[in-house]
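This report refers to the structure that appears directly beneath it.
The values are calculated or read from the model by the stated rules, or taken from the named source; none is laboratory data. Treat the numbers as computed from the prediction; the structure is a model and nothing was measured. Because the Cβ atoms are built from the backbone with ideal geometry, glycine has one as well, and the counts that use them run over all protein chains shown.
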Amino acid sequence: MHIYVPSGARKVTISSEGGCFWEVMKVRGSSRRFSYRSVLPTVLIAGILLPFLFIRAAFLALEGASKCSSDTNCIGWKFGPLFFNGRDTSLLLKMERKVQWAKLQGSIYRHLASIGIPKSMDCLCLRLAEEYSVNSLARSSLPPPEFISRLADTSYNHLAVLTDNVLAAAVVVSSAVRNSGQPEKMVFHIVTDKKMYAPMHAWFALHSVAPAVVEVKGLHQYEWPIHVNIGVMEMMEIHRAIQDHFYRDGVSGNLEGDGLFGKLEALRPNYVSIMNYLRIYLPELFPELDKIVFLDDDIIVQHDLSPLWAIHLDGKVMGAVSPSQGEGERSYCFGRKFSDYLNFSSPIVSMSELAPDRCAWLYGMNVFNLEAWRRTNITQTYHRWLKLNLDSGFTLWRMGALSPSLIAFNGQVHPIDPSWHISGLGHQLPDVDEKTLEAAAVIHFSGPAKPWLEIGFPELRSLWNTHVNFSNEFIRSCSIME
């Protein structure tokens with residue numbers, strides 16, 4: 001290789017660390033060319049050594065991570081002396097802090113979006129409440145007088161939905177009726193609180209799901225024995241104390257750590273809603289029934305549920321999906337385990353008959369043998385463990401309805417086929433193929449990303465939107481998101 005220097009160039013000397021040099025001299029009217037083959041050994045040596053030097057620097061950076069007092073110091077130690085001067089390192093650290101804060105803000109906004117009530121759904125409730133007050137049809141009997149006898153007729157297929165969400169309840173009922181092979185055999189029992197009774201009643205009074213039958217009942221309409229009222233009040237007081245404990249625990253944390261998210265997590269509506277915990281009183285809610293299918297309000301029914309009433313529970317109280325595969329020693333859990341809900345480091349939990357590696361069954365679509373339940377002490381066991389958790393300073397489990405239920409129903413759960421219920425669609429996209437998802441009788445949007453929220457997964461929202469009538473006057477006037 002050669003260097004060509006144009007006429008008129010001045011003398012230039014370029015030295016290298018290897019001691020070699022190139023020299024270019026002015027030659028009037030022409031150019032002289034000089035060979036620099038003498039530098040080839042240096043170039044080759046540098047090409048071989050430089051990669052090793054970079055690899056060594058990377059290993060030094062990794063080894064030094066454990067010596068740093070903070071991420072900020074680590075960044076400066078790893079990269080500052082090697083590539084940046086002091087000012088550049090400071091700018092890099094500022095940029096790193098901005099990126100971390102932006103990620104934290106994004107997580108906070110997403111969390112707040114998951115616990116809020118969209119204006120459109122609030123509008124729907126207000127419009128329906130107004131309709132209930134001015135329109136006699138919205139106050140008509142549910143069910144009509146000629147179908148009231150079905151509410152206690154055990155030859156029909158009874159389904160219970162405990163909710164304060166009108167739109168969600170409408171989707172559950174419409175999807176179940178649409179995909180039923182025997183809709184005329186279906187009786188829906190919608191239980192809600194006093195505040196939401198008027199809009200809930202108005203919706204189902206104005207939007208018939210015939211030939212199925214719907215009953216809407218508010219908690220204020222129940223006439224329970226005094227011991228049941230006391231039990232419900234005691235249960236809610238303890239659950240609210242648990243929520244308050246974790247809320248205060250979150251406040252004491254670092255704003256950049258888990259403390260803030262613990263505080264926000266404690267504000268989730270389902271942790272303070274009586275509708276989330278009242279399922280432990282299903283025998284008292286439906287004293288005249290001996291079997292019922294319980295449905296959460298964040299599910300979609302994709303196939304006929306009639307075969308559920310033919311499942312023999314072998315004397316057990318509940319039929320539920322337990323996400324496990326295999327049998328005996330070869331069985332394994334691909335869902336959450338008991339240890340994900342209960343604190344087995346506590347002596348109280350560790351000395352129980354529960355196994356930490358056991359698969360936790362799914363709440364949200366369950367078959368209940370109410371007659372068998374009444375012969376057990378499940379509800380009393382639930383209350384006893386609530387008090388134990390209270391006395392232990394809330395160290396046995398975190399918030400939620402499932403953890404104490406895992407203990408109360410221990411030994412009373414009959415596993416049903418996993419194709420009946422796929423859960424977790426509000427946490428992440430399902431780790432199953434499309435055919436498996438379509439084959440599920442019930443898909444459950446458990447988790448923060450509900451399909452009626454803007455943070456819901458677009459890939460799954462269409463499944464839910466299929467059962468929303470966007471041409472309905474109430475839906476359209478309140479701009480329910482399509």
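Residue 419: under 20 Å from residue 301 (Cβ atoms) and at pLDDT 90 or above, yes or no?
Working: under 20 Å from residue 301 (Cβ atoms): yes; at pLDDT 90 or above: yes.
In short, yes.
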For this session: Please note which strands (runs of 3 or more DSSP E) are completely contained in segment 148-226 and include at least 3 residues that are in contact with a helix residue (DSSP H, G or I) (Cβ under 9 Å, 6 or more places away or on another chain) and small (Gly, Ala, Ser).
Result: none
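Taking the options 164, 244, 153, 193, name whichever one is closer than 27 Å to residue 473 by Cβ and out of contact with any Leu (no Cβ under 8 Å at 6 or more places or on another chain).
Numbers: 244 fails: closer than 27 Å to residue 473 by Cβ; 153 fails: closer than 27 Å to residue 473 by Cβ; 193 fails: out of contact with any Leu (no Cβ under 8 Å at 6 or more places or on another chain).
Just a single option satisfies the conditions, and that option is 164.
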For this session: Of the conditions (1) at pLDDT 95 or above; (2) farther than 19 Å from residue 465 by Cβ, residue 181 clears all except one; give me its number.
Result: (1)
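Does segment 227-248 contain any residue that is of a type in the set (Ser, Thr, Tyr), surrounded by 15 or more Cβ atoms within 10 Å (Cβ to Cβ) and in contact with a Gly (Cβ under 6 Å, 6 or more places away or on another chain)?
Scanning segment 227-248, I find no residue that is of a type in the set (Ser, Thr, Tyr), surrounded by 15 or more Cβ atoms within 10 Å (Cβ to Cβ) and in contact with a Gly (Cβ under 6 Å, 6 or more places away or on another chain), so the answer is no.
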For this session: Inspect segment 201-208 for any residue being closer than 14 Å to residue 128 by Cβ, surrounded by fewer than 18 Cβ atoms within 10 Å (Cβ to Cβ) and without any contact (Cβ under 8 Å) to a residue 40 or more places away in the chain and give the result as yes or no.
Result: no
Problem set entry | Of all residues in segment 416-436 being surrounded by fewer than 21 Cβ atoms within 10 Å (Cβ to Cβ) and among the small types (Gly, Ala, Ser), the one that is nearest to the chain's Cα centre (by Cα) | 426
Exercise. Of these, 456, 400, 426, which one is over 19 Å from residue 468 (Cβ atoms) and assigned by TED's automatic domain parsing to the domain that holds residue 320?
Worked result: 400
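Results for (1) surrounded by 16 or more Cβ atoms within 10 Å (Cβ to Cβ); (2) modelled with pLDDT of 95 or more, shown as yes or no for each residue.
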residue: 385; (1), (2): yes, yes
residue: 394; (1), (2): yes, no
residue: 403; (1), (2): yes, no
residue: 438; (1), (2): no, no
residue: 446; (1), (2): yes, no
residue: 451; (1), (2): yes, no
residue: 463; (1), (2): yes, no
residue: 476; (1), (2): no, no
Exercise. Taking segment 467-482 on its own, how many of its residues are touching a residue at least 60 places away in the same chain (Cβ under 8 Å) and of a type in the set (Ser, Thr, Tyr)?
Worked result: 2
Exercise. Which of (1) within 20 Å of residue 404 (Cβ to Cβ); (2) at pLDDT below 75 does residue 273 not meet, given it meets every other one?
Worked result: (2)
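The rows are residues; the columns are (1) within 23 Å of residue 444 (Cβ to Cβ); (2) of a type in the set (Lys, Arg); (3) within 32 Å of the chain's Cα centre (by Cα).
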position	(1), (2), (3)
144	no, no, no
149	no, no, no
154	no, no, no
158	yes, no, yes
162	yes, no, yes
193	yes, no, yes
199	no, no, yes
206	no, no, no
210	no, no, no
Exercise. Are there any pairs, at least 6 apart or on different chains, whose C-beta atoms fall under 7 Å, with the first in segment 296-316 and within 21 Å of residue 182 (Cα to Cα) and among the aliphatic types (A, V, I, L, M) and the second assigned to a helix (DSSP H, G or I) and at pLDDT below 95, and if so, which?
Worked result: 300/463; 300/464
For this session: Scan 187, 171, 191 and give me the residue that is without any contact (Cβ under 8 Å) to a residue 60 or more places away in the chain and touching a strand residue (DSSP E or B) at 6+ places or on another chain (Cβ under 9 Å).
Result: 187
